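Visitor: For reference, the structure I am asking about is given below.
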């Protein structure tokens, strides 16, 4: 959202549309109080304190008035004012007066966000509206296309995000450069609703959350668990092939461990209250790293042992406020596909090349081909030697260049303990999801005094690299559901084929076919319900099963099946062995579709 977006025409357009909306709302409610109204991703919002709740009809009226204001083609005029002048302008606007005080004291901007340097107090005027604003805006309201704006919805929002403050009404809107772009955006929103992993999770019987178990704690149903099993089995096989060692670690650890690691100093707000065992405090683990460090430290390590690669699908527990929990995407219990690499400085560039290539290949195998990297470099305050930071950052960027992977640099955006690469994928709707992280850590090796014996016979500090490839199984599964809209590729589908007998006399033959396909390794169900064939086909399509195999008299005579794909494509009659060869080849090739 920062940087390029704030300099773009879309940002200016949406910022300008937000002011037009605020003018229209205050014309409708002259006694209304206005708070803040910034552009956001794909749109804008404004917060209002109004005499009554807004209705859909109100939004229609406001949107109509916005188009009239746009047609007036009023210029956006910027003025720098003193704090006293600003107070006079906004004398009847208490939220603006509070912001003016913050601007005067120099600790916040006009949206109430903390700032390092004292900002100027500026206002923007257009038509009959004036607001505290630093811009930027378009030249005039007429530069907004009147048919490329839409007000989306109203939500509640506490003033300045504090639940002790008044609840305001937040109006969300969107604005685009052309009506065509607006239409495409609205289509994407509708598609996103259809693909919502929470909706599809219920419809496809994949997972649930129970109030009796607790919010943010996922129950994996058989079909969802089967997809997870297949994904994890592939993950495990690839790790074994590429020289990883699997480890397993406990769900709890002593307070001393988390004190040494620094989690109790820097991460305590995300940890649950301690458990007391025999007068000692233990914590549910929020991360797997300190346990992997303990395994490394269980013996003296030589340069000949390195690199060492520990991998674990470890379940961790993090406190998240109930208001931010979101299906599979934000949970309290999550299974991270963690790995930690320990290597000598001379091995580090090659190890980065290995781990990034490995991560990309796994993501692509799951059908994510549009991948972008974000490189975060040394912040002002950082742990570890400058030389180590420089070498690590160089290795990360050199590998990105060699692999010709698109990337952006977030200068100074790294964690205090090391630079990192985040890998983000675009799904079928073009939405960006963060999955993988490759993170250096110069902090834990020092805190735990990790060493290895070099050729010179002296102890040296290894490089430590965290790597979460899929992120967490929960979030990754949610991303997969939305990317494929629940129509998983055949290799991941919990049911790969449904056999549908036309009449009762065909059930025995259908059952024999089912056994034959299962023996060959396919996941098959037999639909022998006393129902019409077309109804069974519709049900299989709703469940997004890749293949439907219909069998009747002719198929029994020819030892064949009549094949339909979930897309509706008819492959026609095919010998059972030929279908089996086709399906198994698509599984092996990880065909998407």
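Visitor: Please go through (1) closer than 21 Å to residue 568 by Cβ; (2) touching a helix residue (DSSP H, G or I) at 6+ places or on another chain (Cβ under 7 Å) for residue 533 and return the number of the only condition it doesn't satisfy.
Guide: (2)
Visitor: Could you list all residues from the range 502-520 that are surrounded by 19 or more Cβ atoms within 10 Å (Cβ to Cβ), under 15 Å from residue 578 (Cα atoms) and more than 40 Å from the chain's Cα centre (by Cα)?
Guide: Correct list: 513 only.
This table checks each residue for (1) at pLDDT below 95; (2) surrounded by fewer than 17 Cβ atoms within 10 Å (Cβ to Cβ).
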residue	(1), (2)
543	no, no
551	no, no
565	no, yes
579	no, no
582	no, yes
585	no, yes
592	yes, no
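Visitor: State all residues of the range 159-203 that are in contact with a helix residue (DSSP H, G or I) (Cβ under 6 Å, 6 or more places away or on another chain) and either within 30 Å of residue 474 (Cβ to Cβ) or surrounded by fewer than 17 Cβ atoms within 10 Å (Cβ to Cβ) (or both); if no residue qualifies, say none.
Guide: 165, 166, 195, 197, 200
Visitor: If you don't mind, there's one more thing I want to ask. Being in contact with a helix residue (DSSP H, G or I) (Cβ under 6 Å, 6 or more places away or on another chain), within 13 Å of residue 475 (Cα to Cα) and part of a loop (DSSP other than H, G, I, E, B) is the filter here; which residues of the range 204-220 pass it?
Guide: 218
Visitor: Residues to consider are 230, 295; find the one that is over 22 Å from residue 474 (Cα atoms), in contact (Cβ under 8 Å) with a residue 40 or more places away in the chain and in a helix (DSSP H, G or I).
Guide: 295
Visitor: Is it the case that the range 468-477 has a residue that's under 22 Å from residue 414 (Cα atoms), crowded, with 23+ Cβ neighbours inside 10 Å, touching a helix residue (DSSP H, G or I) at 6+ places or on another chain (Cβ under 9 Å) and in contact (Cβ under 8 Å) with a residue 12 or more places away in the chain?
Guide: Yes, the range 468-477 has at least one match.
Visitor: Looking at the range 522-542, which of the residues that are without any contact (Cβ under 8 Å) to a residue 12 or more places away in the chain and not in a loop (DSSP other than H, G, I, E, B) is nearest to the chain's Cα centre (by Cα)?
Guide: 538
Visitor: So for the range 267-281 (the condition being under 29 Å from residue 361 (Cα atoms) and either assigned by TED's automatic domain parsing to the domain that holds residue 543 or in contact with a strand residue (DSSP E or B) (Cβ under 8 Å, 6 or more places away or on another chain) (or both)), does at least one residue qualify?
Guide: Kept after step one, since they are under 29 Å from residue 361 (Cα atoms), are these residues of the range 267-281: none.
Looking through the range 267-281, none of the residues is under 29 Å from residue 361 (Cα atoms) and either assigned by TED's automatic domain parsing to the domain that holds residue 543 or in contact with a strand residue (DSSP E or B) (Cβ under 8 Å, 6 or more places away or on another chain) (or both).
Visitor: While we're looking at this one, here's another question. Taking the residues in the range 351-365 that are over 18 Å from residue 418 (Cβ atoms) and touching a strand residue (DSSP E or B) at 6+ places or on another chain (Cβ under 9 Å) as candidates, determine which candidate is surrounded by the fewest Cβ atoms within 10 Å (Cβ to Cβ).
Guide: 364
Visitor: Further, regarding this structure: From (1) touching a strand residue (DSSP E or B) at 6+ places or on another chain (Cβ under 9 Å); (2) assigned to a helix (DSSP H, G or I); (3) touching a residue at least 24 places away in the same chain (Cβ under 8 Å), pick out the condition that doesn't hold for residue 313.
Guide: Going through (1) touching a strand residue (DSSP E or B) at 6+ places or on another chain (Cβ under 9 Å); (2) assigned to a helix (DSSP H, G or I); (3) touching a residue at least 24 places away in the same chain (Cβ under 8 Å) one by one, residue 313 breaks only (2).
Visitor: Can you find, within the range 56-98, the residue that is modelled with the lowest pLDDT among those that are surrounded by fewer than 16 Cβ atoms within 10 Å (Cβ to Cβ) and in contact with a helix residue (DSSP H, G or I) (Cβ under 6 Å, 6 or more places away or on another chain)?
Guide: Looking at residues that are surrounded by fewer than 16 Cβ atoms within 10 Å (Cβ to Cβ) and in contact with a helix residue (DSSP H, G or I) (Cβ under 6 Å, 6 or more places away or on another chain), I get 83.
Visitor: Residues that are without any contact (Cβ under 8 Å) to a residue 12 or more places away in the chain, within 30 Å of residue 321 (Cα to Cα) and assigned by TED's automatic domain parsing to the domain that holds residue 187: does the range 60-69 have at least one?
Guide: No: zero hits.
Visitor: Can you go through 238, 269 and tell me which one is in contact (Cβ under 8 Å) with a residue 12 or more places away in the chain, surrounded by fewer than 18 Cβ atoms within 10 Å (Cβ to Cβ), over 16 Å from residue 333 (Cβ atoms) and touching a helix residue (DSSP H, G or I) at 6+ places or on another chain (Cβ under 8 Å)?
Guide: Step by step, each of 238, 269 is checked, and only 238 is in contact (Cβ under 8 Å) with a residue 12 or more places away in the chain, surrounded by fewer than 18 Cβ atoms within 10 Å (Cβ to Cβ), over 16 Å from residue 333 (Cβ atoms) and touching a helix residue (DSSP H, G or I) at 6+ places or on another chain (Cβ under 8 Å).
Visitor: List the helices (runs of 4 or more DSSP H) that sit entirely inside the range 1-98 and contain at least 2 residues that are touching a strand residue (DSSP E or B) at 6+ places or on another chain (Cβ under 6 Å) and closer than 22 Å to residue 147 by Cβ.
Guide: 9-28, 56-72
Visitor: Just the residues that are without any contact (Cβ under 8 Å) to a residue 40 or more places away in the chain and buried (at least 21 other Cβ atoms within 10 Å of the Cβ), please, taken from the range 123-140.
Guide: none
Visitor: So, one more: Find the residue count for the range 401-455, including only residues that are in a helix (DSSP H, G or I), out of contact with any helix residue (DSSP H, G or I) (no Cβ under 6 Å at 6 or more places or on another chain) and surrounded by fewer than 19 Cβ atoms within 10 Å (Cβ to Cβ).
Guide: Total satisfying the criteria: 3.
Visitor: Looking for whichever is within 19 Å of the chain's Cα centre (by Cα) and buried (at least 17 other Cβ atoms within 10 Å of the Cβ) here; the options are 284, 306, 334. Which one fits? Walk me through it before giving the result.
Guide: Details: 284 fails: within 19 Å of the chain's Cα centre (by Cα); 306 fails: within 19 Å of the chain's Cα centre (by Cα).
Exactly one residue qualifies, and that residue is 334.
Visitor: Only one of (1) surrounded by 15 or more Cβ atoms within 10 Å (Cβ to Cβ); (2) at pLDDT below 95 fails for residue 373. Which number is that?
Guide: The failed condition is (2).
Visitor: In this structure, does residue 390 turn out to be under 15 Å from residue 442 (Cβ atoms) and assigned to a helix (DSSP H, G or I)?
Guide: Spelling it out, residue 390 is indeed under 15 Å from residue 442 (Cβ atoms) and assigned to a helix (DSSP H, G or I).
Visitor: Look at residue 186 and say whether it is assigned by TED's automatic domain parsing to the domain that holds residue 68, over 23 Å from residue 50 (Cα atoms) and either at pLDDT 95 or above or more than 25 Å from the chain's Cα centre (by Cα) (or both).
Guide: yes
Visitor: Give the residues of the range 561-592 that are within 16 Å of residue 540 (Cβ to Cβ) and assigned to a loop (DSSP other than H, G, I, E, B), sorted by residue number.
Guide: Once the filter is applied, which keeps residues that are within 16 Å of residue 540 (Cβ to Cβ) and assigned to a loop (DSSP other than H, G, I, E, B), the range 561-592 yields 566, 567, 568, 569.
Visitor: Still on this structure: Testing residue 289 on (1) surrounded by fewer than 16 Cβ atoms within 10 Å (Cβ to Cβ); (2) modelled with pLDDT of 95 or more, one condition comes back false. Which one is that?
Guide: The failed condition is (1).
Visitor: So which residues in the range 219-242 are in contact with a strand residue (DSSP E or B) (Cβ under 9 Å, 6 or more places away or on another chain) and within 19 Å of residue 358 (Cα to Cα)?
Guide: Scanning the range 219-242 gives 232, 235, 236, 239, 240, 242.
Visitor: Turning to a different aspect of this structure: Among the residues of the range 25-39, which ones are surrounded by fewer than 22 Cβ atoms within 10 Å (Cβ to Cβ) and either in contact (Cβ under 8 Å) with a residue 40 or more places away in the chain or outside the structural domain of residue 58 (by TED's automatic domain parsing) (or both)?
Guide: Answer for the range 25-39, where residues must be surrounded by fewer than 22 Cβ atoms within 10 Å (Cβ to Cβ) and either in contact (Cβ under 8 Å) with a residue 40 or more places away in the chain or outside the structural domain of residue 58 (by TED's automatic domain parsing) (or both): 26, 27, 33, 38.
The values are calculated or read from the model by the stated rules, or taken from the named source; none is laboratory data. In this text the structure is predicted, and so the values were computed from the model without any measurement. Don't worry about glycine lacking a Cβ; one is built from the backbone with ideal geometry, like all the others, and counts go over all protein chains shown.
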